[in-house]
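Only one structure is covered here, and it is reproduced in the block below.
What follows is calculated from the coordinates using simple rules that are stated; it is not laboratory data. Every value quoted in this text rests on a predicted model; they were computed, and no experiment measured them. In this analysis, Cβ positions are derived from the backbone assuming ideal geometry, glycine residues included, and neighbour counts consider all displayed protein chains.
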Amino acid sequence: MAAKAFIQALPKAELHVHLEGTVDPAMLAELSRRNNTPLPTENNRYDVRGSGDLLTEDDVRRLYAYQDFPGFLLAFKSVTERLRSPEDYELVTYRLMQKLKQQNVMHAEVYVSVGVVRWRGQEFAPIFEGMERGRERGQRDFGVSLLWIFDAVRHFGPTQRLKSLIWRRNCASATSSASAWAETNSAAPPMVQRSLQKGRRPRSSAHGARRRIGKRRVRLGRAQYWRGENRPRTGDCQRS
């Protein structure tokens with residue numbers, strides 16, 4: 001117990017946490033009550049069956065007790081389908097910061113699946129406004145600082161990934177944009193395409209990305225951005 005108390009008392013930083021992954025059974029059950037109709041989407045490839053099902057906390061615990069990767073994907077899909085409105089994202093962000101405070105985490109850098117939001121046909125700007133309201137309230141109430149990492153994975157295609165990256169570049173309240181280039185992204189610099197075609201990690205892509213998108217740090221294909229002192233208003237962000 002002494003070791004546990006010592007660790008609890010230490011000030012900590014959480015450098016890799018996914019917003020969707022912080023939704024506990026009680027929170028997902030609450031979201032399912034708020035959003036108990038099929039997910040509205042403009043993407044006709046999205047299978048919305050089950051997206052409006054009411055979930056109890058026991059249902060969510062069973063969902064989270066997955067044994068394989070497909071089970072994990074099903075759990076992730078169930079969470080993202082019930083995160084719909086700016087108010088949902090505001091609530092989840094605020095609850096996350098409350099949990100961080102309870103664990104004496106003073107700073108966190110949090111992934112959010114922008115690619116999922118864009119792929120199902122939603123504008124991200126209103127969602128981000130909700131996230132920012134939650135972040136600002138959490139920082140005020142709990143004294144925890146939080147920065148965002150925008151994530152758009154390769155299977156949503158290069159268009160949505162580049163839109164996420166461009167939108168991020170115009171919103172300095174996010175710390176980084178993850179997964180900048182898709183493996184089949186024709187918009188990647190030629191040197192990146194050649195490396196990918198030869199089956200190599202595009203080590204030189206960091207230099208090209210730095211020239212193209214003006215970031216301050218690149219590591220393992222990830223463009224890192226650090227928030228400046230003069231953070232623009234949310235309304236200044238580009239709506240893509």
Scoring segment 57-134 by relative contact order with C-alpha pairs under 8 Å, at least six apart, yields a percentage of 38
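Would you mind ranking T80, T37, T56 so that the residue whose beta carbon has the fewest other beta carbons within 10 Å leads the list? Before the final figure, lay out the partial values.
Numbers: T80 17, T37 9, T56 13.
So the ranking, lowest neighbour count to highest, is T37, T56, T80.
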Just name one of G52, P25, Q8: the one whose Cα is farthest towards the positive end of the charge dipole of segment 1-54 (beta-carbon charges, Lys/Arg +1, Asp/Glu -1). Q8
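Using the beta-carbon distance between T56 and E136 and R0 = 41 Å, what value does 1/(1 + (r/R0)^6) give for FRET efficiency, to the nearest 0.05? Don't jump to the answer; show the numbers that get you there.
Working: r = 32 Å, r/R0 = 0.78.
With R0 = 41 Å, the Cβ-Cβ based efficiency is 0.80.
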Roughly what would the spin-label model give for Y66 and E123, points 7 Å off Cα along C-beta, in nm? 3.2
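In what sequence do L39, L19, L54, L63 fall when counting other Cβ within 10 Å, fewest first?
Details: L39 20, L19 23, L54 10, L63 16.
Fewest-to-most ranking of L39, L19, L54, L63: L54, L63, L39, L19.
Test of understanding: ordering D68, D151 by Cβ neighbours within 10 Å, fewest first, what list do you get?
Working: D68 8, D151 21.
Lowest to highest Cβ neighbour count: D68, D151.
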